[in-house]
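**Student:** One structure follows; several queries about it will come next.
The values are calculated or read from the model by the stated rules, or taken from the named source; none is laboratory data. Remember, predicted model here, so these are calculated numbers, not experimental data. Note: ideal-geometry Cβ built from the backbone for every residue, glycine included; neighbour counts use all protein chains shown.
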Amino acid sequence: MSAHPAAPAGPAVPATDADTLEQIAAAAGTPAYVYRADAIRAAYQQLDAAFGDVPHAIHYAMKANSALAIVRLVRSLGSGADANSMGEVEVALRCGFAPGDIVFTGVGKRHDELERAVALNLLAINVESPGELDRLAHIAADRGAVARVALRVNPDIDARSHPHISTGLKSNKFGVPIDAAPALFRDVAARPSLRAVGIHVHIGSQITSLDPLERAAESVVQLARELRDAGIAIEHLDFGGGLGIAYEGGPAPDPVEYVRRIVRAGGGSGLKLAIEPGRVLVGAAGVLLARVVDVKQFPGARRFVVLDAGMTELMRPALYNAYHRIEPVRPRPGTPVPADVVGPICESTDTFARDRLLPPVEVGDLVVIRDTGAYSAAMGSNYLRRPLPPEVLIDGAEWRVTRRRQTLDDMLALEA
Ligand code: LLP
């Protein structure tokens, strides 16, 4: 990984105090997701301000966390929305976004989804293949409409993130090879039912080196120049999301420097510069609050701390071997001892941390798993008929339950 400027402090928002977390656990039960509005505001404003007076748009990547309370909060800050499914488009609309604030991405959009996207006249439908372009052109023509198209290009750049969340290599399923793009844009220009509005790129997520992000931006800007020279006008360059956060608590890539590099690449294009941040806006703003339900250790064997949260609430360690800090809400005095912190689920991959040094914990203690504002609740499941946990939003000195815990009846309501 190449060196990058560090942002050790980031927006200064104090962590939630133990009293508040205990009150929340008492009122809402555990496990529970707890988010801090102030942290989301600070992260948004830092990114937004970094663009200065360069024409730009921030499209919040809803996939990171599409809870209504979070999406509404982000919208209130002036954000647009990046939706990756029709479900997310509809949620964005219900949260008050106008169709003209929403971009729609996805590697396998269904016919009915494209029809709805055309009918809504979304800001951009990010097209991922020649076949999709063709289907979209016909759908729009049948309705007598003109679909606003951005082409998602694949620049064949290694994001150097976890392979499961890298998307910018030609071996990945995403987008069209960037050298195929000019011909496809000519195709768009030739079809009356399509209008070219942008170029889209997204090379991966949890990217901690700014260099690949900058190179991807440069490749898009280069393509925009070629299009301009060919007389094809577009409106925006969409550089996707992907900026990582410091899960280990060390220095994080600096969002301000990230924007500076985007502006350096694209600022001279005269086009609106768009980004689709997810994790960097909400990731550090959330914790998963859980309770210790068992501690076990046999002589010569590992020590297991078993929580009431598991991979159903936070899948990232199981899926990507991801690191999340785990901390007791009220650390007990004593020497930290290594433990495997695990969930209650019947799979060995239901493990949040191995050999983690933790202060002594006892059954009944509360712990937080940090940085779970992004891709935690959003990727939750009902495996083992476990109910989806409540979500709590702290705003200043106040907090409220923004989603109640799912009940068994909620869960069974779909079944005959
Ligand atoms: N735009 C597009 C087209 C995307 O596919 C994504 C994420 C984003 C924006 C937002 O990326 P972010 O700024 O959050 O990195 N479940 C994984 C992450 C998957 C990300 C998928 N796409 C995880 O837990 O790490």
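**Student:** Since residue 200 meets every condition but one in (1) within 13 Å of the ligand (Cβ to nearest atom); (2) over 16 Å from the mean Cα position of the chain (by Cα); (3) over 29 Å from residue 119 (Cα atoms); (4) not β-branched (Val, Ile, Thr), which condition does it not meet?
**Tutor:** In the conditions (1) within 13 Å of the ligand (Cβ to nearest atom); (2) over 16 Å from the mean Cα position of the chain (by Cα); (3) over 29 Å from residue 119 (Cα atoms); (4) not β-branched (Val, Ile, Thr), residue 200 misses (3) alone.
**Student:** Still on this structure, please answer the following. Let me spell it out: the conditions are (1) in contact (Cβ under 8 Å) with a residue 40 or more places away in the chain; (2) assigned to a helix (DSSP H, G or I), and residue 161 meets all of them except one. Which number is the exception?
**Tutor:** Exception for residue 161: condition (2).
**Student:** Take residue 53 and tell me if it is more than 15 Å from the ligand (Cβ to nearest atom), surrounded by fewer than 20 Cβ atoms within 10 Å (Cβ to Cβ), modelled with pLDDT of 95 or more and of a type in the set (D, E, K, R).
**Tutor:** It is true that residue 53 is more than 15 Å from the ligand (Cβ to nearest atom), surrounded by fewer than 20 Cβ atoms within 10 Å (Cβ to Cβ), modelled with pLDDT of 95 or more and of a type in the set (D, E, K, R).
**Student:** Additional query: Answer yes if at least one residue in the range 260-280 is surrounded by fewer than 22 Cβ atoms within 10 Å (Cβ to Cβ), within 16 Å of the ligand (Cβ to nearest atom), without any contact (Cβ under 8 Å) to a residue 60 or more places away in the chain and not assigned by TED's automatic domain parsing to the domain that holds residue 374, and no otherwise.
**Tutor:** Looking for residues that are surrounded by fewer than 22 Cβ atoms within 10 Å (Cβ to Cβ), within 16 Å of the ligand (Cβ to nearest atom), without any contact (Cβ under 8 Å) to a residue 60 or more places away in the chain and not assigned by TED's automatic domain parsing to the domain that holds residue 374, one finds at least one in the range 260-280, hence yes.
**Student:** Please count how many residues of the range 228-254 are surrounded by fewer than 20 Cβ atoms within 10 Å (Cβ to Cβ) and away from the ligand (no atom under 16 Å from the Cβ).
**Tutor:** So the count comes out to 10.
**Student:** Being assigned to a strand (DSSP E or B) and under 29 Å from residue 164 (Cα atoms) is the filter here, so list the residues in the range 294-311 that pass it.
**Tutor:** Within the range 294-311, 304, 305, 306, 307 qualify.
**Student:** From the list 392, 295, 368, exactly one residue is surrounded by fewer than 24 Cβ atoms within 10 Å (Cβ to Cβ) and closer than 30 Å to residue 77 by Cβ. Which is it?
**Tutor:** When all the criteria are applied, what remains is 368.
**Student:** Considering only the range 134-193, how many residues are of a type in the set (Lys, Arg), surrounded by fewer than 17 Cβ atoms within 10 Å (Cβ to Cβ) and within 16 Å of the ligand (Cβ to nearest atom)?
**Tutor:** 2
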